[in-house]
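The values are calculated or read from the model by the stated rules, or taken from the named source; none is laboratory data. This one's a predicted model, so the numbers in the text were calculated from it and none came from an experiment. When we count neighbours, we look across all protein chains shown, and the Cβ atoms used for this are built from the backbone with ideal geometry, even at glycine.
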Amino acid sequence: MKIIAETIEKSFKLLTDPEEKAEVSFRQATFGEDIARQEMFAKRTQVFTDGDDGEYRVEQAYNQLDIHVREIFLTLSAATGFVDKVGNEVFRFKDYEGKHGLDMNEAEFRKHLLRMTTEQVNEMHKRMLEVNPQWDPNRKGE
């Protein structure tokens with residue numbers, strides 16, 4: 001068995017782009033990326049009170065849209081048509097360990113993604129789920 005297996009990758013034109021130039025590609029997540037995604041669910045704050053009611057609370061430090069950003073960040077393998085004010089592409093990519101991925105950290109990626117419309121990010125996430133259905137919370141069991 002190959003340790004670095006070939007992964008599925010698909011490209012999509014974004015219908016929410018008014019200029020019809022934006023295109024994204026997503027690849028199937030690796031096990032390492034599954035672990036990185038799960039880290040969001042592992043970070044919690046537990047609160048115990050000394051009261052008679054024995055209150056116990058678990059507070060999670062993420063929301064659904066943060067999860068979407070992480071999933072897109074982990075699996076985006078190409079993007080064109082996302083430009084800054086002077087026309088430069090904002091997302092950078094490189095090849096590493098047999099796959100194509102972002103050449104920027106998550107904070108930098110997030111900065112650019114947060115400038116997009118909600119509809120555009122939602123469409124990107126929808127396309128990502130087509131390649132990574134295991135991350136779809138609405139997916140029915142088999």
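Scan region 109-118 for residues that are surrounded by fewer than 19 Cβ atoms within 10 Å (Cβ to Cβ) and within 14 Å of Glu71 (Cβ to Cβ) and jot them down.
Across region 109-118, the qualifying residue is only Arg110.
Among the residues of region 84-142, what is the count of those that are basic (Lys, Arg), part of a loop (DSSP other than H, G, I, E, B) and closer than 21 Å to Phe12 by Cβ?
Summing the residues that are basic (Lys, Arg), part of a loop (DSSP other than H, G, I, E, B) and closer than 21 Å to Phe12 by Cβ in region 84-142 gives 3.
Quick check on region 119-130. Is at least one of its residues more than 12 Å from the chain's Cα centre (by Cα), surrounded by 10 or more Cβ atoms within 10 Å (Cβ to Cβ) and closer than 15 Å to Ser77 by Cα?
Yes, region 119-130 contains at least one residue that is more than 12 Å from the chain's Cα centre (by Cα), surrounded by 10 or more Cβ atoms within 10 Å (Cβ to Cβ) and closer than 15 Å to Ser77 by Cα.
To keep it simple, each residue is scored yes or no on (1) of a type in the set (Val, Ile, Thr); (2) within 18 Å of the chain's Cα centre (by Cα); (3) modelled with pLDDT under 90.
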residue	(1), (2), (3)
Ser11	no, yes, no
Arg27	no, yes, no
Phe41	no, yes, yes
Gln46	no, no, yes
Val58	yes, no, yes
Ala61	no, yes, yes
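Of Arg92, Arg110, Arg139, which residue is of a type outside the set (Val, Ile, Thr), within 11 Å of the chain's Cα centre (by Cα) and on the phi < 0 side of the Ramachandran plot?
Arg110
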